[in-house]
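Encoded as structure tokens, the structure appears first; notes follow it.
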Amino acid sequence: MARQVPELAHVRASRVLVLAGEARGTSRASIRPGNVGPARGGTRRRFIRVRGRRMLYVMTLRPLWFAASTPEERVATILHELYHASTRFDGTLHRGRRHERLPRASYDRKVRALLGRYLARAPQEILAPFARDGEVKVRMWLRLPRAAEAGRRSALDVDEHLFYGLMPLRAKLPPRVRRTQDPPTNDGAAGAQGRVEGSDT
């Protein structure tokens with residue numbers, strides 16, 4: 001995705017932990033920094049690791065993404081969340097792209113433009129999985145890392161706290177008369193581990 005969309009050229013997929021999570025209102029996904037403990041500043045910022053690799057961001061896909069979205073909505077949701085990441089890609093969110101700073105209508109227009117360009121350029125074999133029906137294997141939390149454990153280096157290695165589960169993937173059929181669709185709506189900030197910043201779609 002980052003290769004096809006210049007605005008996301010800074011994104012490194014290997015540093016984004018993608019999980020399935022619980023339902024949260026009408027949210028399809030959320031993104032937050034991958035640190036445990038304080039959300040900002042200095043040497044106290046400690047990031048979780050999966051197989052020894054630091055995860056700068058955690059993206060949570062929610063049941064609506066799997067079981068009640070069109071393929072286009074799934075792609076738009078991922079674009080929406082990645083666009084929140086700082087262009088420094090340092091485990092922070094872009095201050096100017098927070099919903100409280102950038103009017104939602106402007107953010108939605110930008111995501112629609114990204115979506116149109118991505119769908120026009122992306123190879124079909126990349127897009128096909130977003131339209132399939134069936135079960136998909138995806139990581140889930142067995143136990144969330146706790147801020148109180150951030151001081152222990154071993155506590156940042158979260159492999160033992162993750163497991164693979166199955167989620168039903170069902171493509172929602174678009175209406176016969178398609179209306180102009182906005183990217184999925186936001187239902188508020190992601191939950192905290194200690195104090196964690198994040199964004200929901």
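Annotations for the structure displayed:
- Per residue, the Cα convex hull of the range 1-98 amounts to 117 Å³.
- At R0 = 41 Å, FRET efficiency that the Cβ-Cβ distance of residue 122 and residue 100 yields, to 0.05: 0.85
- Here the relative contact order of the range 6-179, from alpha carbon pairs under 8 Å that lie six or more residues apart, stands at 28 percent.
- Computed log₁₀ I(q)/I(0) - Debye formula, equal Cα scatterers, no solvent, the range 47-86, q 0.23 Å⁻¹: -0.81
- Viscosity 1.306 mPa s, temperature 10 °C, Stokes-Einstein D of the range 6-179 from Kirkwood C-alpha radius, µm²/s: 91 µm²/s
None of the figures in this text is laboratory data; all of them are computed from the coordinates on show. Model, not experiment: these values are computed from the prediction. Here the Cβ is made from the backbone with ideal geometry for all residues, glycine too, and neighbour counts use every protein chain on show.
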